[in-house]
Amino acid sequence: MARSFAALMAFFALGIFWTTAATASQSSCSSPLVGNADNRTVSADALDQELFNAAVLHYVNIERCKRGLSPLRSDNTLIRATRQHALHMASNAYVSHNSKQAGYRNLQDRLSKARVNYRIAGENVAKSFVFAFDRRNVGAQSACNFRFKSTGGAVPRHTYDSLAKDLVVLWMESPTHRSNILHTSFRRAGATIGVNNDPSFCGTVYVAQNFAN
């Protein structure tokens, strides 16, 4: 059967962003948070890809549950397909479904390299930050100590939980990304994170999540 791809569009913040917590924790679709995602902070020096993938999948499946859709399961081949792209985006500071890296130029290339068996597939990408900035102005930072201008309070680092939650909320606000998360034919997913230690924000996050039937 011919393979096809869900509609795709890169989505990323043009500046510092913040989204409020989703109401999923108050719904009947709420489930226990995976592992220690709520108290492990994201650090480029020791990325926990397994924890990140599980946290993202946790919030994706809450959105699917709310709409009566079956949960997606984690798939190692899809995780493998995202790894090269997330790390390449982080190393080269760009967000796109296309890459200049030979052999990994598009989603189809990456799925083939990872030996993913599928009939339909989709991809979400995003850019975020190691620190949990919001839409309020942030004052000058010293040694990666950011402060909100409005309150003077310290800007916290993202935990795996807060980062995953924000990413899924942002994707749900984008029609094409939302359609991947809620695609009725998808049964598997895998996500990977890459971090660029840029000096401006003390860590910019690049994410890829793949879906397949």
Residues in segment 41-77 that are in contact (Cβ under 8 Å) with a residue 24 or more places away in the chain, crowded, with 16+ Cβ neighbours inside 10 Å and under 16 Å from Ala191 (Cβ atoms) total 20
Going by the conditions given, is Ser150 assigned to a loop (DSSP other than H, G, I, E, B), on the phi < 0 side of the Ramachandran plot, at pLDDT 95 or above and more than 18 Å from the chain's Cα centre (by Cα)? no
Looking at this structure, is Ser96 in a loop (DSSP other than H, G, I, E, B) and either hydrophobic (A, V, I, L, M, F, W, C) or under 27 Å from Val34 (Cα atoms) (or both)? no
Of all residues being in a loop (DSSP other than H, G, I, E, B) and open to solvent by less than 10 Å² (accessible area, probe 1.4 Å) in segment 100-133, which is farthest from Tyr206 (Cα to Cα)? Just the residue, please. Val116
Among the candidates Asn106, Asn124, residue that is of a type outside the set (Ser, Thr, Tyr) and over 25 Å from Ala46 (Cα atoms): Asn106
Kindly list the number of the only condition in (1) within 15 Å of the chain's Cα centre (by Cα); (2) of a type outside the set (Asp, Glu); (3) surrounded by fewer than 23 Cβ atoms within 10 Å (Cβ to Cβ) that fails for His177. (3)
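The values are calculated or read from the model by the stated rules, or taken from the named source; none is laboratory data. Quantities reported herein were computed from a predicted structural model and do not represent experimental measurements. Heads up, the Cβs are rebuilt from the backbone with ideal geometry, glycines too, and the neighbour counts pull from every protein chain shown. All accessible areas refer to the heavy atoms of the entire protein, side chains included, with ligands and DNA or RNA removed. Shrake-Rupley method; radii C 1.70, N 1.55, O 1.52, S 1.80 Å.
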